[in-house]
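For reference, the structure discussed in these notes is given below.
The values are calculated or read from the model by the stated rules, or taken from the named source; none is laboratory data. Computed from a prediction, not measured in an experiment: that's the story for all the values here. For neighbour counting, all protein chains shown are included, and Cβ atoms are generated from backbone atoms with ideal geometry for every residue, glycine included.
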Amino acid sequence: MKPTRERLLAAAGKLFRAEGIRAVSVDAVAEKAKVTKRTLYYHFRSKDDLIAAHLQAQDQPNLDLFKQWFDAGQGDVAARVQGIFTQLASTARHPKWKGCGFLRTSVELINLPGHPAIVASRAHKKKVENWLRIELETIHSPAQAQELARHIVLLLDGAFSVALLHRDATYLESAGVAAAQLIRHGAVNQSNTGSEDSRVQQPM
């Protein structure tokens, strides 16, 4: 049997995904995990603490999955970034897919910007952005890589929302094409800029 804390997080995750975090009570989580409410409060100070812990538990696994898809991809960096969107589109075709849990939670808690779950969501999104920046720095300047990483995160989160709204995974695929074009266009611009700079700096 899993440790109690893991059982509670697993139970909370299933309920939060199915019903939304506001609709799920502490009693419901305790009942699903087959523990007392007192035991739940031994591991988590409050429901807010439980929600944040649920998201934090998804943080590294989600990022690791992105890295796995990227590393397994073929072609240049742009193609491998596009591959992440392609994999997400495949996931989004499942009838029970509900988009990004970090975004869903942020929407439910939109009026509570200091909520620990919002803090956890921001931290996760920034971690994804920073990882993309590092990968993009292999072909771009640091400043350009940072800007491109922000653009890709915008495409990613926008595609999550629109694909969920329309129940149409092709929006994720389209966003992937756009991301790849941005990366390649940036590479061309940087190459051209470098060539111009080298001409200017050459002695007469």
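Scan segment 1-15 for residues that are farther than 18 Å from residue 103 by Cα, charged (D, E, K, R) and in a helix (DSSP H, G or I) and report the count.
3
Could you tell me whether any residue of segment 148-160 is in the same structural domain as residue 66 (by TED's automatic domain parsing), of a type outside the set (D, E, K, R) and farther than 20 Å from residue 89 by Cβ?
yes
Is it the case that residue 95 is modelled with pLDDT under 95 and out of contact with any Cys (no Cβ under 7 Å at 6 or more places or on another chain)?
Against the criterion (modelled with pLDDT under 95 and out of contact with any Cys (no Cβ under 7 Å at 6 or more places or on another chain)), residue 95 qualifies.
Considering only segment 72-113, state which residues are of a type in the set (Lys, Arg) and surrounded by fewer than 19 Cβ atoms within 10 Å (Cβ to Cβ). Explain how you work it out, then say what you get.
Restricting attention to segment 72-113, the residues satisfying the condition of being of a type in the set (Lys, Arg) are 80, 93, 96, 98, 104.
If the condition is that a residue be of a type in the set (Lys, Arg) and surrounded by fewer than 19 Cβ atoms within 10 Å (Cβ to Cβ), then 80, 93, 96, 98 are the ones that fit.
Could you tell me whether residue 16 is touching a Gly at 6+ places or on another chain (Cβ under 6 Å), of a type in the set (Phe, Trp, Tyr) and within 20 Å of residue 160 (Cβ to Cβ)?
Spelling it out, it is not the case that residue 16 is touching a Gly at 6+ places or on another chain (Cβ under 6 Å), of a type in the set (Phe, Trp, Tyr) and within 20 Å of residue 160 (Cβ to Cβ).
Return only the number of the condition from (1) within 27 Å of residue 53 (Cβ to Cβ); (2) in contact (Cβ under 8 Å) with a residue 60 or more places away in the chain; (3) not aromatic (Phe, Trp, Tyr) that residue 130 does not satisfy.
Against the list (1) within 27 Å of residue 53 (Cβ to Cβ); (2) in contact (Cβ under 8 Å) with a residue 60 or more places away in the chain; (3) not aromatic (Phe, Trp, Tyr), residue 130 comes up short only on (2).
What number of residues within segment 131-146 satisfy the criterion of being outside any loop (DSSP other than H, G, I, E, B) and crowded, with 16+ Cβ neighbours inside 10 Å?
Number satisfying all stated conditions: 7.
Looking at (1) more than 18 Å from the chain's Cα centre (by Cα); (2) at pLDDT below 95, can you tell me which one residue 138 breaks?
Of everything listed in (1) more than 18 Å from the chain's Cα centre (by Cα); (2) at pLDDT below 95, residue 138 misses just condition (2).
Within segment 46-77, can you find the residues that are farther than 30 Å from residue 30 by Cα and in a helix (DSSP H, G or I)?
Residues satisfying the conditions are 66, 67, 68, 69, 70, 71, 72, 77.
Kindly indicate whether residue 60 is within 15 Å of the chain's Cα centre (by Cα) and free of Cβ contacts under 8 Å to residues at least 24 places away in the same chain.
Criteria met by residue 60.
Taking into account only those residues within segment 16-45 that are aliphatic (A, V, I, L, M) and part of a helix (DSSP H, G or I), which is modelled with the lowest pLDDT?
Pass one, segment 16-45, residues aliphatic (A, V, I, L, M): 18, 21, 23-24, 26, 28-30, 33, 35, 40.
Filter again for part of a helix (DSSP H, G or I), leaving 18, 26, 28-30, 33, 40.
Working: 18: 92, 26: 97, 28: 98, 29: 98, 30: 98, 33: 97, 40: 98.
The selected residue is 18.
Being closer than 21 Å to residue 24 by Cβ, free of Cβ contacts under 8 Å to residues at least 60 places away in the same chain and part of a loop (DSSP other than H, G, I, E, B) is the filter here, so list the residues in segment 84-113 that pass it. Steps first, please.
Of segment 84-113, the ones closer than 21 Å to residue 24 by Cβ are 96-112.
Adding the requirement that they be free of Cβ contacts under 8 Å to residues at least 60 places away in the same chain leaves 96, 102-103, 106-107, 110-112.
Residues satisfying the conditions are 96, 110, 111, 112.
If you check every pair at least six apart or on different chains, which have Cβ atoms under 7 Å apart with a residue in segment 151-180 that is without any contact (Cβ under 8 Å) to a residue 12 or more places away in the chain first and a residue that is surrounded by 19 or more Cβ atoms within 10 Å (Cβ to Cβ) and in a helix (DSSP H, G or I) second?
Every condition considered, the pairs that remain are 162/171.
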